[in-house]
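S.K.: Here it is, the structure, as structure tokens.
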Amino acid sequence: MTTAHVTGAARGIGRSIALRLARDGHDVAVSDLAGMAEALDDTRKEIEATGVRSVALHGDVSDPASVRALVQDTATELGSLDVFVANAGIAQTKALLDVTPEEYDTLHAVNGRGVFLCYTEAARQMIKQGTGGKIIGASSIAGHKGFGLLGIYSSTKFGVRALTQAAAQEWAEHGITVNAYCPGIVDTQMWVEVDHDLGEINGVGEGESMKAMAEGITLGRVSTGEDVAAYVSFLAGQDSNYMTGQAALIDGGMLFV
Ligand SMILES: NC(=O)c1ccc[n+]([C@@H]2O[C@H](COP(=O)([O-])OP(=O)(O)OC[C@H]3O[C@@H](n4cnc5c(N)ncnc54)[C@H](O)[C@@H]3O)[C@@H](O)[C@H]2O)c1
């Protein structure tokens, strides 16, 4: 039995990953911002209904003390930390010329520093345990290609790929693999908001921007959280043992790299 932690698990992709890892047989700690407590507790209950143990923790991934507590509380409550999924992230849809320095810092604090803090705190715990581990981060198609109107978001997701490559090299000697997942368009609250903001900028209605982007997907549909969770299940399990430092696209065929 291994123990996993998934951040940003109150909804969306994080929730799907947490439930999938539970079905795979991991005990799963879930965390999110304190304001998401009710939804997070629903995720915890659904995990426990699969027959594994869970704990719901509150914390902001951009805050060092918070992330330290998330890692320590997982190990204390569930016995160890073997898989850490740094999933939490935020988006912004804005032309570069309209982005303020404060907005730039906020995006990088959550998507960049947040992943750095999660990776390093998880690694410290796994090194202490001496039994290796799997560290997994959320990048994006926007981590492989800089998208107009998603410029700062894209820069944070390129950063996740860089951190993933460096961490993989630094922690291989401890038996830790580090990989990232790069979804395309996943039908979550984040995309509802991106679609709304793109619609306002481009003068098109709700759902139109998502529909236009979906037309370019080879497999002919947008992604579900479960599509992404299936790949994270592989990254969290033993079948991915000979893979590290990678950030593979799970996007239905949007980008070909
Ligand atoms: N939805 C997509 O199409 C898509 C595509 C590529 C990558 N991603 C990435 O996948 C991850 C999950 O995206 P999603 O679509 O499920 O988003 P979402 O907005 O539906 O859910 C994100 C969760 O993260 C939490 N969160 C936000 N800031 C946090 C913080 N500072 N500390 C802790 N938790 C925080 C939110 O409360 C929310 O529950 C993100 O990193 C996102 O960038 C999403």
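S.K.: Looking only at residues that are more than 12 Å from the chain's Cα centre (by Cα) and within 15 Å of Ile135 (Cα to Cα) in region 1-15, which one is farthest from the ligand (Cβ to nearest atom)?
M.R.: Thr2
S.K.: Restrict the check to region 137-153 and report whether at least one residue is aromatic (Phe, Trp, Tyr), within 14 Å of the ligand (Cβ to nearest atom), in a helix (DSSP H, G or I) and touching a strand residue (DSSP E or B) at 6+ places or on another chain (Cβ under 7 Å).
M.R.: So the first thing to find is which residues in region 137-153 are aromatic (Phe, Trp, Tyr), and the list is 147, 153.
Within this subset, residues satisfying the condition of being within 14 Å of the ligand (Cβ to nearest atom) are 147, 153.
So of that shortlist, the ones also in a helix (DSSP H, G or I) come out as 153.
Retained after the next criterion (residues that are touching a strand residue (DSSP E or B) at 6+ places or on another chain (Cβ under 7 Å)): none.
The answer is no, given that none of the residues of region 137-153 is aromatic (Phe, Trp, Tyr), within 14 Å of the ligand (Cβ to nearest atom), in a helix (DSSP H, G or I) and touching a strand residue (DSSP E or B) at 6+ places or on another chain (Cβ under 7 Å).
S.K.: Can you tell which of Asp63, Asp73, Asp82, Asp27 is in contact with a Lys or Arg (Cβ under 6 Å, 6 or more places away or on another chain) and more than 30 Å from Val222 (Cβ to Cβ)?
M.R.: Asp27
S.K.: May I pose another question? Condition test on Thr218, is it closer than 24 Å to Gln125 by Cα and away from the ligand (no atom under 14 Å from the Cβ)?
M.R.: Answer is no for this residue.
S.K.: Separate question: Just checking, which of Leu107, Leu117 is of a type in the set (A, V, I, L, M), at pLDDT 95 or above, touching a Pro at 6+ places or on another chain (Cβ under 7 Å) and part of a helix (DSSP H, G or I)?
M.R.: The match here is Leu117.
S.K.: Just to be sure before I move on: is Val55 β-branched (Val, Ile, Thr) and within 10 Å of the ligand (Cβ to nearest atom) in the structure I sent?
M.R.: On the way: β-branched (Val, Ile, Thr): yes; within 10 Å of the ligand (Cβ to nearest atom): no.
So Val55 fails the test.
S.K.: Filter region 47-66 down to residues that are assigned to a loop (DSSP other than H, G, I, E, B) and within 19 Å of Val232 (Cβ to Cβ), then give me how many there are.
M.R.: So the count comes out to 3.
Conditions (1) within 23 Å of Val228 (Cα to Cα); (2) charged (D, E, K, R); (3) over 18 Å from the mean Cα position of the chain (by Cα), marked per residue:
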position: Ser66; (1), (2), (3): no, no, no
position: Gln72; (1), (2), (3): no, no, yes
position: Gln92; (1), (2), (3): yes, no, no
position: Leu96; (1), (2), (3): no, no, yes
position: Asn111; (1), (2), (3): yes, no, no
position: Leu117; (1), (2), (3): yes, no, no
position: Ser139; (1), (2), (3): yes, no, no
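S.K.: Please pick out the residue among Asp60, Asp73, Asp82 that is of a type in the set (Asp, Glu) and in contact (Cβ under 8 Å) with a residue 60 or more places away in the chain. Steps first, please.
M.R.: Working: Asp60 fails: in contact (Cβ under 8 Å) with a residue 60 or more places away in the chain; Asp73 fails: in contact (Cβ under 8 Å) with a residue 60 or more places away in the chain.
Answer to the check: Asp82.
S.K.: Residues Ala29, Ala69, Ala18, Ala75: which one is assigned to a strand (DSSP E or B) and either at pLDDT 95 or above or more than 14 Å from the ligand (Cβ to nearest atom) (or both)?
M.R.: On inspection, the qualifying residue turns out to be Ala29.
The values are calculated or read from the model by the stated rules, or taken from the named source; none is laboratory data. All of these numbers come straight from a predicted model, not from anything done at the bench. Backbone-built Cβ (ideal geometry, glycine too); neighbour counts: all protein chains shown.
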